[in-house]
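The values are calculated or read from the model by the stated rules, or taken from the named source; none is laboratory data. What you see is a predicted model, and the numbers here were worked out from it, not measured in a lab. With ideal geometry, Cβ positions are generated from the backbone for all residues, glycine too; neighbour counts draw on all protein chains shown. SASA here: full protein model, heavy atoms, side chains in, ligands and nucleic acids out. Shrake-Rupley method; radii C 1.70, N 1.55, O 1.52, S 1.80 Å.
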Amino acid sequence: MLMRISDALVIGLLKESRKVNDEQLHKLLEQQKTEKRPLQDLVLKNNLLPEADLTKLYAAKIDVPFVELVPKNLRREVLGLIPEHIARQYNAVLFDVTKDGIRLLAMEDPDDVQAYSFLQKQLGSNLKVYIATRSNILAAIDQYRTNIGSELTQVIAANDTTTAVEEEVSEADVAEDSPVAKTVNLIIEYAIKQGASDIHIEPREDYVSIRYRIDGQLRETNQLPKKIIAALVSRIKILSNLKIDERRAPQDGRFKVTFGSGQYALRVSTLPIVDGEKVVMRILNESSKASNLRDLGFWGSNLENLEKALTMPNGMILFTGPTGSGKSTSLFSILSRLNLPSVNISTVEDPVEYKIPGVNQVQVNPLAGMNFANGLRALLRQDPNIIMVGEIRDSETANLAVQAALTGHLVFSTLHTNNAATSLPRLLDMGIEPFLIASTVRAVVAQRLVRKLVPESTEIFRPDETTIKRVQTAFNLTSREDMDRIHNLELQHIQAGMEAVLDSSKVIAHAEPSTKDGGITRLWRMKGQAGAASFRGRLGVYEVLSVSPAIQKLIISGASSEELQEVAIKEGMLTMQTDGLVKALQGQTTLEEIMRVTTER
């Protein structure tokens, strides 16, 4: 049952939020007359207010505390106090029991008297009710089933008689209700539950390895019998519209699944290897909304430099970093923000990862002669305002992108370089004239992703002299001035966090600096043997090089990347390492994580 907030109350909550102006409200009411749908649905459909923000405002109005559940951290023994079918029927989850025995219950609709009285009979009167979003509760309910190993074993045991020979795959083996189809569904379901970004199905000599990439780290979750690999791959090929009988050449495809409250696109790639065919599936959450720049981890001079570049009517903004460093996510967020009815945004990508309504997205297809350069040429005849080129790989694409920036377009693209400063000489290597680089590039953003700490699984400690010296060496903090600069940056970061709190009602964990009097007073580490459980989700660390007049002169004179970096830092650029250090000092990640992704080998 879906929680319904009356239209009159929705209007009151929107006005209270101060995030919706009178014109937007008027348009919303006009849309409601046409579509005859509840205002609550239209607010979420038009992204006027995130579901969590609307629920928080409603929670304050009805005086019920709001909670955001972290599904992975829920204890099974607590969840199990309410049977799964009842949790699904009433959209309610028991998420904790206090030391005093008070049972904490999250409901989508605390005003549902029938549901509350039924649950009270089940659990006793020692209940405290919270409100959570529908999608959050559905994600929590999905945690009732978490043991992939035993479920897969049961499915494969049922399959034992049907797949005797690895090579022969009959239609019955890969039908919709076959054990292999159930196996594929389970593998995908658990990957989504675990928050994985990729699924690797890899044939080995004696078994099939199932690995998930979670928060950037690859982990083996299961080993299946070798004999089912052919049927498993065939089933995935059927879902992805690939050729089942082609086993000697790589293939690419995609398909969609709906799970819980979300829709996911799976991008499939098959590759013949020595022991059979390997399959990798990239999971893309199509229900996810674009984050704003603050949520991605931009703050201070990085945020200011990028915001300034985004207000330019033309020019080029480059994103750089290795594969999997979050470049596509940053571009998705920026393009979603710039996506207005008055603006024509066109992209050429390989592949199209995030689909953005209202943006014209072109998929690269080398077999049809559609590469980045040809796609970009075609886009320029489509009267665009903003162009996004998935990647600048060669001089032809680079030249076309520069010409587009010169002729009044705002151009976004990505490069593969180690940091922001090395991107500019990289364009020189591609044969772009120095004066063209200086006059078209507005900003270069370099980024990496680090794992975020879970506050409950970490502890604060006071570092000893050895640790402090190691930090000072690793981050090149050689003088008292360097430490004072870090201290001031920490204060700025805290201030930026405070502003974000006022902006979106988030709670920040640490409102005081970890540096004091030229020293480091505290750091964070994992609690006990927590390991990977100490991390959840990822956070960006960035450097944004703004192409100022001084940098332009250096580019024209053919300066090295080291000279460009030096001048950019003097002008106030925050390097990725410094950005990461400040975030580690504020307990968002660990120093080891920052060193892992920013140390240049």
Problem set entry | Mean projected area (nm²) of the alpha-carbon convex hull when segment 252-399 is viewed from all directions | 11.6 nm²
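Of all trypsin sites (Lys or Arg not before Pro) in segment 12-115, which ones are in loop regions per DSSP and have a Cβ with at most 10 other Cβ atoms within 10 Å? Write down the numbers at each step before the final one.
On the way: sites: LYS15, ARG18, LYS19, LYS27, LYS33, LYS36, LYS45, LYS56, LYS61, LYS72, ARG75, ARG76, ARG88, LYS99, ARG103; in loops: ARG18, LYS19, LYS36, ARG75, LYS99.
Counting only loop positions with at most 10 other Cβ atoms within 10 Å, the trypsin sites (Lys or Arg not before Pro) in segment 12-115 are ARG18, LYS36, LYS99.
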Problem set entry | Reach of LYS36 by Cα under 16 Å, taken over lysines that are not fewer than 8 positions away in the same chain | LYS27, LYS45
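Ratio of segment 52-103's C-alpha Rg to 2.2 N^0.38 Å, to two decimals? The partial results should precede the final answer.
Numbers: Rg = 12.7 Å, N = 52, 2.2 N^0.38 = 9.9 Å.
That works out to 1.29 for segment 52-103.
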Seminar exercise, completed: With segment 354-430 reduced to its Cα atoms and the Debye formula applied, log10 I(q)/I(0) at q = 0.14 1/Å amounts to -0.47
Seminar exercise, completed: Taking every DSSP bridge whose two residues both lie in segment 323-401, the antiparallel percent to the nearest 5 is 10 percent
Exercise. So what is the accessible area of the chain per residue, in Å², with the probe set to 1.4 Å?
Worked result: 48 Å²
Seminar exercise, completed: In this structure, among LYS19/LYS452; LYS289/LYS452; LYS99/LYS583, pairs with alpha-carbon gaps over 23 Å are LYS19/LYS452; LYS99/LYS583
For this session: Could you please report the charge total around THR320, scoring K, R as +1 and D, E as -1 over all other residues with beta-carbon less than 11 angstrom from its beta-carbon?
Result: +1
Exercise. In segment 275-334, what GluC sites (Glu not before Pro) fall in a loop by DSSP, with at most 15 other Cβ atoms inside 10 Å?
Worked result: GLU286
For this session: Report the extension gain between ASP429 and LYS61 in nm, rounded to one decimal, defined as 0.36 nm multiplied by the number of residues separating them, less their alpha carbon distance.
Result: 126.5 nm
Exercise. Based solely on its DSSP helices, what 222 nm [θ] is calculated for the chain when runs of n ≥ 4 H residues each add -39,500 (n - 2.57) and the sum is averaged over all residues, nearest 500 deg cm²/dmol?
Worked result: -12000 deg cm²/dmol
Exercise. Out of segment 177-255, which GluC sites (Glu not before Pro) are coil in DSSP terms and have no more than 16 other C-beta atoms within 10 Å?
Worked result: GLU205, GLU246
For this session: Please give every one of the aspartates and glutamates within straight-line cross-link reach of LYS182, meaning a C-alpha to C-alpha distance under 12 Å, and leave out same-chain neighbours fewer than 8 residues apart.
Result: GLU151, ASP173
For this session: Would you give the gap between the C-alpha center of segment 340-409 and the C-alpha center of segment 37-92, rounded to a whole Å?
Result: 39 Å
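Once the other residues with Cβ under 12 Å from the Cβ of GLN32 are scored (Lys, Arg +1; Asp, Glu -1), what is the net sum? Provide the component values of the computation, followed by the final result.
Numbers: positive: LYS27, LYS33, LYS36, ARG37, LYS45; negative: ASP7, GLU30, GLU35, ASP41.
With Lys, Arg at +1 and Asp, Glu at -1, the net is +1.
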Seminar exercise, completed: In debye to the nearest 20, the charge dipole size for the chain, taken about the Cα centre with +1 at each Lys and Arg Cβ and -1 at each Asp and Glu Cβ, equals 640 debye
Exercise. Can you give the Kirkwood hydrodynamic radius of segment 194-325 from its Cα pairs, in Å with one decimal?
Worked result: 17.6 Å
For this session: Enumerate the amide H contacts of GLY537 below 5 Å, restricted to partners 5 or more residues apart or on another chain; note that Pro and chain-start residues carry no placed amide H.
Result: LYS452
Exercise. Using a basic spin-label model with each label point 7 Å from the Cα along Cα→Cβ, how many nm lie between VAL113 and LEU9?
Worked result: 1.4 nm
For this session: Calculate I(q)/I(0) for the chain by the Debye formula, one identical point scatterer on each C-alpha and no solvent, and give its log10 at q = 0.06, 0.07, 0.09 Å⁻¹ to two decimals.
Result: -0.38, -0.52, -0.88
Exercise. Using a probe of 1.4 angstrom, how much of the accessible area of segment 299-354 is carbon and sulfur, in percent?
Worked result: 56 percent
For this session: Would you mind telling me the antiparallel percentage of the DSSP bridges in the chain, rounded to 5?
Result: 65 percent
